[in-house]
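Participant: Please read through the structure below; I'll follow up with questions.
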Amino acid sequence: MLGKTAGGLFWMFRYLERSENTARMIDAGLRISLTRSSAAESEWTSILHATGLQAGYLQRYSTYTGDQVIDYLLRDETNPGSVRAVVEAARNDARLVRTALTREVWEAVNECYMVLKDALAHPISDRDLPRILQMIRQRSAFVRGALHGTMLRNEMYDFARIGTFFERADNTARILDVKYYILLPSVMHVGTPTDNVQWETILRATSAVRAYQTLHDGEVDPKSIAKFLMLDRRLPRSLAFCYGKIQDNLGYLETDYGVRHPCHDLAARICKRFATYDVDAIFDYGLHEFISDFLKDSAALGQQIEIDYRFIE
Amino acid sequence: MNESPAYFDEMLQPDGGPRGPYAQYYDWLRKEEPGRLLEKSAEAEALFRLTGITFNVYGDPSEAERLIPFDVIPRIIAGREWVKVTKGIEQRVRALNAFLHDIYHRQEIVRAGRVPAHMIARNAAFLPQMIGVTPPGGIYTHIVGTDLVRTGPDEFFVLEDNARTPSGVSYMLENRETMLHMFPELFSKVKVQSVSQYPRSLRRSLSACAPQACEGRPTVAVLTPGIYNSAYYEHAFLADQMGAELVEGHDLRVVNGRVAMRTTEGYKPIDVLYRRIDDDYIDPLNFNPDSMLGVPGIMDVYRAGGITLANAPGTGIADDKAIYSYMPEIIEFYTGEKAILNNVPTHRCSEPEALKYVLDNLADLVVKEVHGSGGYGMLVGPAASKAELATFRAKLAANPDHYIAQPTLALSTVPILTDAGLAPRHVDLRPYVLVSPDRIEITPGGLTRVALTEGSLVVNSSQGGGTKDTWVLEE
């Protein structure tokens, strides 16, 4: 297959994943602002930081209010990372790689674009917001469903999956990075309302509230949250799970092409870290340092995949 | 229906009854609720949007993606009518290929005085780089779209031979898919010849022209200018349906004397390139140096037998509107037969007598730019205002060489569905022809374009035209 097509699939699924993650983060922020208005501003601030879009935002606004942040993240025309923009980018990539997609996948992403373009054409009222956030997640899920149900399990599928998990791990890591301090035992004030709220944001933004509670008998403690989101291979948005999948899919490419590239070694090294470190070791090393290392390695892996599979000249 | 009887309606006779080929369909149509048909029209539009069969209008950024309107009433041609049409097209396409070979080799037709030398030498569509080059398999025009119009029961005229990169075949295929989806019951009543084999035939036909350098199963790719091109949907569609790669210029480069594409495993050679880019843009080293769309050096590889280009560079000399007027002579010269299909009588404005006639009768004629396409820069005399006539008179006087003129033909009509019921509209037909060394294949039917505006004769999608599914009945 063409290198350009591999890159297009990788990015198409990264963008779709990103649209979904942004919707989840807004959902988490909305929840907090509804239940604890005093914490709202710092919450929106950290959400913007986690999306990596705060620099652009600050060129538009000087305050962090829910309405502004939501509008910026969903539909602001100056924001290349808005849901509207990334869905359009995903659809452009889908057009570019049209020959690598089944009709079902193409139609799902095209419909995702058409529906969300209409839904995000005008400012979103508070009343419509929950419905629209749900729609964003659902449309992305439709594309994923079509992918699973109709695509051949070949190199094209592998690149689509690598893009998905790469973006997802990145997102989880960035949420953890923004919030790492509230997970640290040293500054923890057990049982204070703020802390519960903060933890809940992290879990909500990763769609893990219910799963966490089921597996931890309703006990909430910061170390186990950190462990859950980084190391638990049962959670589909944990770093260990996503990197397990990335390694699997890179492995299929290695088998199919019969070539091992530098990206394979890089991915193996990242995965090994999740297998050898337990959560105590991570806290001893430093949670922030561990996540920073991860984000750095992950960025290097992204570049290496791009080179090894010739996404660009 | 109160259309002037001057026009031949393909569905209805002057007494209001259906013509032969439409008998079964009409029987079905009469029993349909008009409301249901209108609902189906809306459904068709939603289907086209979802599939993404959109079309970009040049110079209109507000409407970056538009649908070509689709009319749910099919255009129907009897099997025996079609046989005659295909014989005429086949003869014409053979002559076109023979003409191209001759023009780029010995130019016997010029020596024989049948086509004037200046028509070739001074023609912008003539490519000196093709002199002495014989394409793999001897085929110049692998894909041809012969535009036909009809004026009566047995009267078909060829309006244009599209021998460069005829577009629209994806609409032919998607129109049929849409009709099958919306009216499955209809296809069990009326026996319609299938068109769905086209992508397979295209692949086979292209593979049959693989170059000398090809080893094993030919690698076929479609070259597109990219996702912002008006016909991108079609490029992607054809590549997808053929199981070929869809490439852009920046995916390709010349490696070891072959044109190769950048794959995830390194550069791999391409054997046959179905290019949807004009001659001028395919090779910045040999043609337009500013082109970002092509591949530097591809012409050198081509001349050395390293790749097949479909269609061959330089085929534009055969579908040039000035050359068109010589087609009856061209057919006779190469096939020894009279042309089966009529040419529209054409006045070459480069000739003083013809120019005088055209200027004197401008209001009755259709004037076309020799190098124009897509209905741009065209004058339909009977429909033009005084000001438009005056503008064209000035253009003709300034550059007579740039124009030809033809009588306005009484184009046939086929009804379309409007909110007020059926209404006749003018149509043309573009059948798609595949040429390979061992056969010429013509898909039964083709793309029917319809002028949606009442009385209009301009069917181009860029000028408010729509399309219809075209049925050729089984005999």
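Participant: What pairs come up if the first residue lies in the range A:250-279 and is free of Cβ contacts under 8 Å to residues at least 24 places away in the same chain and more than 12 Å from A:Glu155 (Cβ to Cβ), the second is surrounded by 15 or more Cβ atoms within 10 Å (Cβ to Cβ) and of a type in the set (A, V, I, L, M, F, W, C), and their beta carbons are under 6 Å apart, counting only those six or more places apart or on different chains?
Facilitator: A:His264/A:Leu250
Participant: Any residue in the range B:373-385 that is in contact with a strand residue (DSSP E or B) (Cβ under 9 Å, 6 or more places away or on another chain), in a loop (DSSP other than H, G, I, E, B) and without any contact (Cβ under 8 Å) to a residue 12 or more places away in the chain?
Facilitator: Checked against the condition, which is being in contact with a strand residue (DSSP E or B) (Cβ under 9 Å, 6 or more places away or on another chain), in a loop (DSSP other than H, G, I, E, B) and without any contact (Cβ under 8 Å) to a residue 12 or more places away in the chain, the range B:373-385 yields at least one hit.
Participant: It is to be established whether one or more residues within the range B:443-450 are touching a Leu at 6+ places or on another chain (Cβ under 6 Å), touching a residue at least 24 places away in the same chain (Cβ under 8 Å) and more than 20 Å from B:Ala384 (Cα to Cα).
Facilitator: Checked against the condition, which is being touching a Leu at 6+ places or on another chain (Cβ under 6 Å), touching a residue at least 24 places away in the same chain (Cβ under 8 Å) and more than 20 Å from B:Ala384 (Cα to Cα), the range B:443-450 yields at least one hit.
Participant: (1) closer than 22 Å to B:Pro269 by Cα; (2) assigned by TED's automatic domain parsing to the domain that holds B:Ile440: which one isn't true of B:Glu177, the others all being true?
Facilitator: Condition (1) is where B:Glu177 drops out.
Participant: If you take the residues in the range B:262-275 that are surrounded by fewer than 23 Cβ atoms within 10 Å (Cβ to Cβ) and touching a residue at least 40 places away in the same chain (Cβ under 8 Å), which one is nearest to the other protein chains (Cβ to nearest Cβ)?
Facilitator: B:Lys268
Participant: Further question on the same structure: Check the range B:286-298 and report whether any residue there is more than 9 Å from chain A (Cβ to nearest Cβ), at pLDDT below 95 and in a helix (DSSP H, G or I).
Facilitator: Within the range B:286-298 (the criterion being more than 9 Å from chain A (Cβ to nearest Cβ), at pLDDT below 95 and in a helix (DSSP H, G or I)), the answer is no, since none of the residues qualifies.
Participant: Condition test on A:Ser207, is it assigned to a helix (DSSP H, G or I), modelled with pLDDT under 95, surrounded by fewer than 19 Cβ atoms within 10 Å (Cβ to Cβ) and out of contact with any Cys (no Cβ under 6 Å at 6 or more places or on another chain)?
Facilitator: So A:Ser207 fails the test.
Participant: Related question: In the set A:Glu254, A:Glu313, which member is at pLDDT below 95, surrounded by fewer than 20 Cβ atoms within 10 Å (Cβ to Cβ) and within 14 Å of chain B (Cβ to nearest Cβ)?
Facilitator: From the options A:Glu254, A:Glu313, the qualifying one is A:Glu313.
Participant: Picking from A:Ala100, A:Ala108, A:Ala141, which residue would you name as being without any contact (Cβ under 8 Å) to a residue 60 or more places away in the chain and of a type in the set (Gly, Ala, Ser)?
Facilitator: Only one candidate qualifies: A:Ala108.
Participant: In the range B:228-240, which residues are at the interface with another protein chain (Cβ under 9 Å from one of its Cβ atoms) and surrounded by fewer than 22 Cβ atoms within 10 Å (Cβ to Cβ)?
Facilitator: B:Asp240
Participant: Could I ask something else about it? Got at least one residue in the range B:241-263 being part of a loop (DSSP other than H, G, I, E, B), in contact with an Asp or Glu (Cβ under 7 Å, 6 or more places away or on another chain) and not hydrophobic (A, V, I, L, M, F, W, C)?
Facilitator: Looking through the range B:241-263, none of the residues is part of a loop (DSSP other than H, G, I, E, B), in contact with an Asp or Glu (Cβ under 7 Å, 6 or more places away or on another chain) and not hydrophobic (A, V, I, L, M, F, W, C).
Participant: Report, by residue number, each residue of the range B:311-334 that is of a type outside the set (Ser, Thr, Tyr) and either out of contact with any helix residue (DSSP H, G or I) (no Cβ under 9 Å at 6 or more places or on another chain) or not in a helix (DSSP H, G or I) (or both).
Facilitator: Across the range B:311-334, the qualifying residues are B:Asn311, B:Ala312, B:Pro313, B:Gly314, B:Asp320, B:Lys321, B:Pro328.
Participant: Can you tell which of B:Ile68, B:Ile77 is touching a Phe, Trp or Tyr at 6+ places or on another chain (Cβ under 8 Å) and at pLDDT below 95?
Facilitator: Just a single option satisfies the conditions, and that option is B:Ile68.
Participant: Another question about this same structure. Is there a residue in the range A:125-147 that is more than 14 Å from every other protein chain (Cβ to nearest Cβ), outside any loop (DSSP other than H, G, I, E, B), within 25 Å of A:Glu254 (Cα to Cα) and under 19 Å from the mean Cα position of the chain (by Cα)?
Facilitator: Among the residues of the range A:125-147, at least one is more than 14 Å from every other protein chain (Cβ to nearest Cβ), outside any loop (DSSP other than H, G, I, E, B), within 25 Å of A:Glu254 (Cα to Cα) and under 19 Å from the mean Cα position of the chain (by Cα), which makes the answer yes.
Participant: Here is a follow-up. Of all residues in the range A:219-248 being under 18 Å from the mean Cα position of the chain (by Cα) and either within 14 Å of another protein chain (Cβ to nearest Cβ) or among the hydroxyl-bearing types (Ser, Thr, Tyr) (or both), which is surrounded by the most Cβ atoms within 10 Å (Cβ to Cβ)?
Facilitator: A:Tyr243
Participant: Let me ask something else about it. Of everything in the range A:281-299 that's loosely packed, with under 14 Cβ neighbours inside 10 Å and not hydroxyl-bearing (Ser, Thr, Tyr), which residue is nearest to A:Arg14 (Cα to Cα)?
Facilitator: A:Ala299
The values are calculated or read from the model by the stated rules, or taken from the named source; none is laboratory data. Being a predicted model, the structure only gives us computed values, none of them experimental. Note that we place each Cβ from the backbone using ideal geometry, even for glycine, and neighbour counts take in every protein chain shown.
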